[in-house]
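Okay, so here's the structure we're looking at.
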Amino acid sequence: MDIYRHCVIKSFKHDGHIHRTWQRNYLVPTDRLAPAHRDHNIIVLINRQTPILESDGKQWISRVPAVSFFIPGEWYNVVALLEDSGIRYYCNIASPPYLQGDVLTYIDYDLDVIRTTDGNRYVVDQDEYQMHKLAYHYPQMVEDKVQQGLSALLKRMDEGAVPFQDEIVQRYYAEWHNTCGESEG
């Protein structure tokens, strides 16, 4: 059986500058992935109280445990936040992930979708997307991919398709916590 391995998540902006770094995450081993996740090569990372470094040098510690899902080829990623009231999903419209060694990277395109614990969803940061679209001169291909990613994400969310399944999120976190989480944070 594989063990959880430490990974760093780095998000960048379109111009290549670093946006944010999650410094302590754990990759769920392939043999522990749910079949639907394994079949789609979904990268699943878990963190709790991870140090987060912002582009301006400020550092803070995440307050809520998270299970993150990165789907190869998709222009979004999904972070399931395990809050006291239930699971809130925070989704980033972003380039497809790239995992090299113990570092996962992607480009953040500002648009976000939040699904609250009661099932409501909100598209947020549209103004930030518009501002960066002009500042970074997004090519038409990027704009098209961002809109396709947003549509695909909303469809997946509305259908309750993977990874929007609370039971699996809770299982991933519980298995990690029971295996190695006691020594974390």
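Miscellaneous remarks
- Subset of the stretch 53-85 that is among the aliphatic types (A, V, I, L, M) and assigned to a loop (DSSP other than H, G, I, E, B) - its residue that is farthest from TYR106 (Cα to Cα): VAL64
- Residue in the stretch 149-165 that is part of a helix (DSSP H, G or I), touching a helix residue (DSSP H, G or I) at 6+ places or on another chain (Cβ under 9 Å) and surrounded by 12 or more Cβ atoms within 10 Å (Cβ to Cβ) present: no
- Residue in the stretch 100-109 that is in contact with a helix residue (DSSP H, G or I) (Cβ under 7 Å, 6 or more places away or on another chain) and at pLDDT 95 or above present: yes
- Taken over the stretch 111-156, the residue count meeting the criterion of being touching a strand residue (DSSP E or B) at 6+ places or on another chain (Cβ under 6 Å), in contact (Cβ under 8 Å) with a residue 40 or more places away in the chain and either over 16 Å from TYR90 (Cα atoms) or hydrophobic (A, V, I, L, M, F, W, C) (or both) is 5.
- Selected residue (only one of ILE114, ILE168 is part of a helix (DSSP H, G or I) and either surrounded by 18 or more Cβ atoms within 10 Å (Cβ to Cβ) or within 15 Å of the chain's Cα centre (by Cα) (or both)): ILE168
- Of all residues in the stretch 43-60, those that are more than 11 Å from the chain's Cα centre (by Cα), surrounded by 12 or more Cβ atoms within 10 Å (Cβ to Cβ) and of a type in the set (A, V, I, L, M, F, W, C) total 2.
Okay, residues lined up against (1) touching a Leu at 6+ places or on another chain (Cβ under 8 Å); (2) under 27 Å from GLU128 (Cβ atoms); (3) of a type outside the set (Gly, Ala, Ser); (4) touching a residue at least 24 places away in the same chain (Cβ under 8 Å):
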| residue | (1), (2), (3), (4) |
| --- | --- |
| PRO29 | no, no, yes, yes |
| ALA34 | no, no, no, yes |
| HIS40 | no, no, yes, yes |
| ILE43 | yes, yes, yes, yes |
| SER55 | no, yes, no, yes |
| SER68 | yes, yes, no, yes |
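The values are calculated or read from the model by the stated rules, or taken from the named source; none is laboratory data. Being a predicted model, the structure only gives us computed values, none of them experimental. Cβ atoms come from the backbone with ideal geometry, glycine included; neighbour counts cover every protein chain shown.
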